[in-house]
Amino acid sequence: MHPVFTPAMPGKRGDRLAGKVAVVTGIGAGIGRGIALMFAQQGASVVGCDIDAASAQATVDEAARQDLAIHSLHPLDLTQPEPVQRLIEQTVALHGGIDILVNAAAFGSFAWLEAMDYETQWRKTLTGEVDIVFLACQAAWPHLKARSGSSVINFASANAHMALPLSAALAHCAGKGAVLAMSRQLAMEGGPFGIRVNTISPALVETAATRRPLDHVPGFRDKVLEKCMLKRIGQPEDIGWLAIYLASDESGWVTAADFNIDAGATAW
Ligand SMILES: NC(=O)c1ccc[n+]([C@@H]2O[C@H](COP(=O)([O-])OP(=O)(O)OC[C@H]3O[C@@H](n4cnc5c(N)ncnc54)[C@H](O)[C@@H]3O)[C@@H](O)[C@H]2O)c1
């Protein structure tokens, strides 16, 4: 029987991001919510957004309960250039610049090839996983260039590296493969300006997006656990500690890198 460890140090405060301004997208749920709260706990000024106003407000309220301030624009649709521009401009107006961009928001639709609808599933997933990253990076870029040591954190996925049994992830694999490849290109374009761009590739993390298949697809949870060397499902905090490192000056020589945070799932 394997021991089961809970995520490390939930709620731990520090100053690893003191003085930094971070834009975090998708703060209403899962990984984006976890990162927004953990960045604020580490001293960053955080501006978030989400298309789902109620869930974003709940994150802002949770921050306030912890005596932290997170500013959020919601509802805000990151697949449209104008609202993205507004998010960036309001962050600069509020905090004077941007040091960190975390593109956690995403929308993915899951279906097997023959069942997938072109417009409402395939195209919507590529817009919700690829365009959403392009638009935010493009809008934030001049401000990231203006700061020294700025950092972009994008989310690829274990699905950018491998197919997972029982997972109808065709469009998601295409989207996350694209994020992985474009992040390397962005790192190359940003290097001369000191902008670092890295990706995190989580295996399955328990969030709003994954709870349904975990709880309702027969055999899915067991399959996921079987792949994890550490025999537990990942939580947003497991990802948050790496995001803090990548956002901070501690990772000043790290760019164009992809980090498998997956309890070993992609290593065997
Ligand atoms: N959870 C996982 O198992 C897992 C695994 C690998 C990669 N990822 C990636 O990590 C990132 C975070 O995943 P998560 O599971 O926390 O996601 P999630 O679905 O739980 O949360 C995503 C948030 O983004 C918001 N959002 C979606 N479309 C938006 C839009 N157009 N404009 C503004 N907000 C929008 C949603 O409302 C939601 O609050 C995503 O890029 C995801 O693909 C997640």
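Restricting the calculation to alpha carbons of the stretch 3-103 gives Rg and Dmax of 13.5, 49 angstrom. Against the compact-protein benchmark of 2.2 N^0.38 Å, the Cα-based radius of gyration of the chain scales to 0.96. Based on the Kirkwood approach, the hydrodynamic radius assigned to the stretch 220-268 is 12.3 Å, with every pair of different Cα atoms included.
What whole-number volume per residue, in cubic angstrom, does the convex hull of the C-alpha atoms of the stretch 167-268 give?
Numbers: hull volume 11.4 nm³, N = 102.
Taking the convex hull of the Cα positions in the stretch 167-268, it is 112 Å³ per residue.
If I compute solvent accessible area with a 1.4 Å probe over the protein chains, what percent of it on the stretch 187-268 is carbon and sulfur?
Details: 2410 of 3990 Å².
It is 60 percent, rounded to a whole number.
Taking only alpha carbon atoms, the stretch 107-183 gives an Rg to Rh ratio of 1.07, where Rh is the Kirkwood radius.
Quick check on the chain: helices-only [θ] at 222 nm, where DSSP H runs of length 4 and up contribute -39,500 (n - 2.57) each and the sum goes over total residues. Nearest 500, please. Spell out each step's value before the answer.
Values: 8 runs with 105 residues, N = 268.
The helix contribution divided over the chain gives -12500 deg cm²/dmol.
Lysine pairs, Cα distance under 22 Å, 8 or more residues apart or cross-chain: how many in the chain?
Final tally of qualifying lysine pairs is 6.
Between the helical axis of 81-95 and the longest alpha-carbon principal axis of the chain there is an angle of about 50 degrees.
What does the charge add up to near Ala257, with Lys and Arg as +1, Asp and Glu as -1, over the other residues with Cβ less than 10 Å from its Cβ?
Values: positive: Arg184, Arg196; negative: Asp258.
Result for the neighbourhood of Ala257: +1.
Quick one: angle between helix 53-65 and the longest Cα principal axis of the chain, in degrees between 0 and 90, rounded to 10, please. Helix 53-65 sits roughly 70 degrees off the main axis of the chain.
The magnitude of the dipole of the chain, with charges of +1 and -1 set on the Cβ of Lys/Arg and Asp/Glu and taken from the Cα centre, is near 440 debye.
The values are calculated or read from the model by the stated rules, or taken from the named source; none is laboratory data. All values derive from a computational prediction rather than experimental measurement. When we count neighbours, we look across all protein chains shown, and the Cβ atoms used for this are built from the backbone with ideal geometry, even at glycine. Heavy atoms of the whole protein, side chains included, go into the accessibility calculation; ligands, DNA and RNA do not. Shrake-Rupley method; radii C 1.70, N 1.55, O 1.52, S 1.80 Å.
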